[in-house]
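One structure below.
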Amino acid sequence: MTKKICVIGAGIVGISVALKLSQQGHQVTVLDREGVASEASQGNAGAFAFTDVLPLASPGIMRNAPKWLLDPLGPLSVSPKYALQIAPWLFRFWRASWPDRHEASLQAQTQLMALAKAALERQIADNKAEHMIRREGQLQLYQGESSYKASLPAWELRRERGIRFELLESPGAIADIQPGLDSSFTHAGYTPDWMNATDPKAWTDFLAERFLASGGRIDIRQVESLEGTESGARIQCQDGDVVCDHVVVCAGAWSHRLAATVGDRLPLETERGYNTTLPDHELDLRTHLTFQDHGFVVSKVAQGVRVGGAVEFGGLTLPPNYKRAEALLKKAQVFIPKLKVSGGQQWMGFRPSLPDSLPIIDCSPKAPNIFYAFGHGHLGLTQSAATAELISDLISGEAPSISMKPYAASRFV
C-alpha cells in the first residue's frame, strides 16, 4: 500500500531512508532547511567504520573528565562554557559506561554494524554505486609498545565478534601497507574490511539523485514542529503545514528539538568534530589512517586528503574553535612527513550523540506515525543503509532482522 511519507533531514541518514522508502513504492518528500548534505554529511571522513563496535561510553572513561576540561585541544574535550549545561548528559554517559550497560551497548552496536555492512553492500548493488566506494582498509596506529598493549583487550573484543584484523608489530610491517609514516609508530592494527566513500558529500548527492529519479521530492523548508494525528502526522513549517501518513525525523543534531514538540524529551547532544581538507597533492595515501592515541584520522576525499576528528562537547550555538583543526593538522604533518598542509579548508560539524553511543531507530512513544532515526554519533554514514532498512521495516509492519529494543526511544523516557 502506497503511503505519503515525509523525511525531515537531507543528510546521509535521511536520504538513505527516503531512497529506500521511495524504491518500495511510497510517495516520499524530504524536507530540509538548506539542502542535501549541508551539515555533517558533507564534512566527515567518508568512513564506513564497521569495525568500530566499541561504544564511546566505556568503563573508566570518566576518569579522564578533569583532563577534558583542562585541555581544550585534546582528543575529547568539554567546553568550560558548556560544562554545566551538559552535566545531566554526562551523568547518563557515565552510567552507560558501567560494565553491565557497556556490555549491552557493545552487543547492540555489534549487531547493528553487521547489518550495516550487509545493508551497504545491498545499497551499492541496488544503485550501481561501486565507483563511489574505496575498499582500502584501515590502519589503527600506536606509538610504542605500551600504547599497543593497552589496546589489545579492545582487539580481543573485536575478534570475539568476528571482525577480521591483522596486528602489526614493527614499522616495517606497517610500511608494507602504508609507507611514509613517522618511525615512532611501531605497532598497528589493520582492518581489511573497512571501506570509505570516495567523497561523503558526493555519495550523499549520488543517492539523492537516485531518490529523485525514483519519483521522490526534496523541498527546502524550515520545519518548526510536529504533531501526531489520528490517521498520520502534521508538520508545521514556516510557510505552511504538511499532512502525511508518516514522518521520519532524521535531522541530526537538531532532531531532539523536533521530538520535544511531540512531547518526547530525548538526551541528544553534539560531538563537534573538526577537520581540514587539503587539495590534491602527491601523497601516496593507500589506506584510511587512524591515529588512535591522538583522536584523529587521515583519509582520501575526492582528489584531496582530509585530516580531522576529535570530539568536543560544546552544543549547537558556541562559536567554532578552529585551533582544534590546526592542532590536528600540525600533528598530521609530523606523523606523515610528506604531507603538504598548505591551502587547506577548515570545517566544523555537529555529530548527533546519545549517551549510550546507540542511535534511536523507533516510532515516537507519543505519536506512533512519527518515527525517529537519529543519534548515530560519528557513525551516521556507517549505519545509514541499515537505518533505512530498519525504518522501512517498521513503517511496513514487517519484523526487522535484528532486535530493536536497544534503539528504542522509550529507553530515555
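The values are calculated or read from the model by the stated rules, or taken from the named source; none is laboratory data. Keep in mind that this is a model prediction, so the values were computed, not measured. Glycine also receives a Cβ, built like all others from the backbone with ideal geometry; neighbour counts cover every protein chain displayed. Ligands, DNA and RNA are excluded from the accessible area calculation, which covers all protein heavy atoms including side chains. Shrake-Rupley method; radii C 1.70, N 1.55, O 1.52, S 1.80 Å.
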Among (1) in a strand (DSSP E or B); (2) open to solvent by 40 Å² or more (accessible area, probe 1.4 Å), where does Glu209 come up short?
-> (1)
Of the residues Ala125, Ala119, which single one is more than 20 Å from the chain's Cα centre (by Cα), farther than 23 Å from His294 by Cα and at pLDDT 95 or above?
-> Ala125
Counting only residues that are among the polar types (S, T, N, Q) and open to solvent by 20 Å² or more (accessible area, probe 1.4 Å), which one in segment 379-413 is farthest from Glu121 (Cα to Cα)?
-> Ser410
Can you tell me which residues in segment 255-266 are over 20 Å from Gln222 (Cβ atoms) and open to solvent by less than 20 Å² (accessible area, probe 1.4 Å)?
-> Asp264, Leu266
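Residues are listed down the side, and each one gets a yes or a no for (1) closer than 14 Å to Leu56 by Cβ; (2) surrounded by fewer than 19 Cβ atoms within 10 Å (Cβ to Cβ); (3) small (Gly, Ala, Ser):
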| position | (1), (2), (3) |
| --- | --- |
| Arg92 | yes, yes, no |
| Arg101 | yes, yes, no |
| Ala104 | no, yes, yes |
| Gln111 | no, yes, no |
| Gln123 | no, no, no |
| Asp126 | no, yes, no |
| Ala129 | no, yes, yes |
| Ile133 | no, yes, no |
Please list, ordered by first then second residue, the pairs with beta carbon atoms under 6 Å, 6 or more apart or interchain, first in segment 259-281 and closer than 22 Å to Pro359 by Cβ and modelled with pLDDT of 95 or more, second loosely packed, with under 15 Cβ neighbours inside 10 Å and small (Gly, Ala, Ser).
-> Thr261/Ser225
Which pairs have Cβ atoms under 8 Å, sit 6 or more apart or on different chains, and link a residue in segment 14-37 that is without any contact (Cβ under 8 Å) to a residue 24 or more places away in the chain to one that is open to solvent by 10 Å² or more (accessible area, probe 1.4 Å) and not in a helix (DSSP H, G or I)?
-> Gly25/Thr2
Mind checking which residues of segment 150-184 are part of a loop (DSSP other than H, G, I, E, B) and touching a Gly at 6+ places or on another chain (Cβ under 6 Å)?
-> Phe165
What is the number of the single condition among (1) touching a Lys or Arg at 6+ places or on another chain (Cβ under 8 Å); (2) modelled with pLDDT under 95 that Ile391 does not meet?
-> (2)
Subset tally (residues that are open to solvent by 10 Å² or more (accessible area, probe 1.4 Å) and in contact with a Cys (Cβ under 9 Å, 6 or more places away or on another chain)) for segment 13-36 = 3
If we scan segment 139-155, do we find a residue that is under 30 Å from Gln178 (Cβ atoms), among the charged types (D, E, K, R) and surrounded by fewer than 14 Cβ atoms within 10 Å (Cβ to Cβ)?
-> yes
Within segment 170-195, the residues that are touching a helix residue (DSSP H, G or I) at 6+ places or on another chain (Cβ under 6 Å) and surrounded by fewer than 18 Cβ atoms within 10 Å (Cβ to Cβ) are Asp182, Ser183
Given the structure, is Asp199 closer than 20 Å to Leu19 by Cα, surrounded by 19 or more Cβ atoms within 10 Å (Cβ to Cβ) and touching a residue at least 40 places away in the same chain (Cβ under 8 Å)?
-> yes
